[in-house]
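Let me begin by presenting the structure, written as structure tokens, before commenting on it.
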Amino acid sequence: MDYQAEKTLLEHKTILVTGAGDGIGRQAALTYAAHGATVILLGKTVAKLEAVYDEIEALGAPTPAIIPLDMKGATVANYKDMADTIDTQFGKLDGLLNNAGQLGVLGPFHQIDEKSYDEVMQVNVKAQLFMTSALLPVLKKADKASIIFTSSSVGVKGRAYWAEYAISKFATEGMMQTLADEFENTSIRANCINPGATRTGMRAKAFPGENANTLVTAEDIMPLYLYLMGNDSVAETGKTFKAQPNR
Ligand code: NDP
């Protein structure tokens with residue numbers, strides 16, 4: 001996307017990024033902080049979150065916060081507690097990037113394993129649904145709030161051997177559209193980003209034989225992440241945006 005964000009685009013905004021310790025989420029957290037946001041870093045591996053925290057401090061950006069949470073085992077009560085803590089500490093939430101996700105197991109349809117399917121649906125769909133739901137009261141306290149979900153090309157067109165992940169991403173598209181419709185003409189907007197093939201650990205796991213140097217980096221796709229999080233996109237809701245229109 002050809003979008004040049006103002007350096008101050010996200011000043012005075014508090015933004016929660018899930019899966020902020022690695023890959024696209026890590027880069028989004030750094031980028032949002034560099035544009036003035038106070039970023040709440042949520043993820044599974046504390047050491048990774050602490051490393052991002054240190055990088056943000058080194059940028060001289062607003063001091064971030066860390067929420068260590070494994071979305072595989074988290075409960076609705078955990079999300080409500082988290083929302084209360086954010087309310088107490090920050091008074092509002094301006095942005096939520098639902099980015100954390102798992103690939104699950106790729107394989108033939110008839111071999112889909114129930115345990116693996118449940119885990120992918122738990123992390124990619126159910127956890128995001130109940131976290132977003134719990135955060136709505138603090139999102140309503142912001143003047144303008146942006147919720148971004150992370151989709152995929154296989155969330156709009158199925159692909160052989162990708163059932164677990166593809167089904168979870170179709171559900172993500174449905175979650176975003178339902179939420180956007182329900183909050184039409186309010187201060188809350190919701191959209192999806194389809195990042196397209198991006199050089200991360202998940203991509204390497206899905207395509208082990210691929211030359212990663214042929215892929216864009218997470219940094220390359222940040223203009224869309226900035227556009228949808230900042231106020232330049234207030235009129236956008238209920239849409240899916242491709243970070244790489246040609247992929
Ligand atoms: P990575 O695997 O590189 O990063 C995923 C992040 O999610 C990690 O920080 C990971 O934490 C976190 N995470 C995974 N499981 C959990 C969990 N149970 N609880 C909390 N956090 C968790 O993936 P990408 O950066 O590539 O992907 C980011 C998003 O983009 C995903 O939703 C993915 O589906 C989507 N996407 C990616 C594409 C690509 O080409 N890279 C293409 C299309 C969509 P930890 O490191 O601690 O495990």
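Quick look at the numbers
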{"quantity": "Which numbered condition Asn185 fails, given (1) at positive phi; (2) near the ligand (Cβ under 9 Å from one of its atoms); (3) not aliphatic (A, V, I, L, M)", "calculated": "(2)"}
{"quantity": "Filter pass, His12 being in contact (Cβ under 8 Å) with a residue 24 or more places away in the chain and within 17 Å of Ile221 (Cα to Cα)", "calculated": "no"}
{"quantity": "Residue in the range 107-114 that is among the hydrophobic types (A, V, I, L, M, F, W, C), more than 19 Å from the chain's Cα centre (by Cα), assigned to a helix (DSSP H, G or I) and at negative phi present", "calculated": "yes"}
{"quantity": "Helices (runs of 4 or more DSSP H) contained entirely in the range 142-238, each with at least 3 residues that are touching a residue at least 12 places away in the same chain (Cβ under 8 Å) and under 20 Å from Leu96 (Cα atoms)", "calculated": "163-182, 222-229"}
{"quantity": "Answer residue from the range 205-214, given it is surrounded by 13 or more Cβ atoms within 10 Å (Cβ to Cβ) and closer than 20 Å to Gly21 by Cβ and is farthest from the chain's Cα centre (by Cα) among those", "calculated": "Ala212"}
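The rows are residues; the columns are (1) surrounded by 13 or more Cβ atoms within 10 Å (Cβ to Cβ); (2) within 16 Å of the ligand (Cβ to nearest atom); (3) assigned to a helix (DSSP H, G or I).
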| position | (1), (2), (3) |
| --- | --- |
| Leu49 | yes, yes, yes |
| Glu55 | yes, yes, yes |
| Gln89 | no, no, yes |
| Gln102 | yes, yes, no |
| Ala127 | yes, yes, yes |
| Met131 | yes, yes, yes |
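Each row is one residue, and each column tells you yes or no for (1) more than 16 Å from the ligand (Cβ to nearest atom); (2) surrounded by fewer than 16 Cβ atoms within 10 Å (Cβ to Cβ); (3) assigned to a helix (DSSP H, G or I); (4) of a type in the set (Ser, Thr, Tyr).
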| position | (1), (2), (3), (4) |
| --- | --- |
| Thr8 | yes, yes, no, yes |
| Ile15 | no, no, no, no |
| Ala28 | no, no, yes, no |
| Ile66 | no, no, no, no |
| Met71 | no, no, no, no |
| Lys92 | yes, no, no, no |
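Here, each number is a calculation from the coordinates, and none is a lab measurement. None of the values given here were measured: they were computed from a predicted structure. A quick note on method: Cβ atoms are made from the backbone with ideal geometry, for glycine too, and the neighbour counts reach across all protein chains shown.
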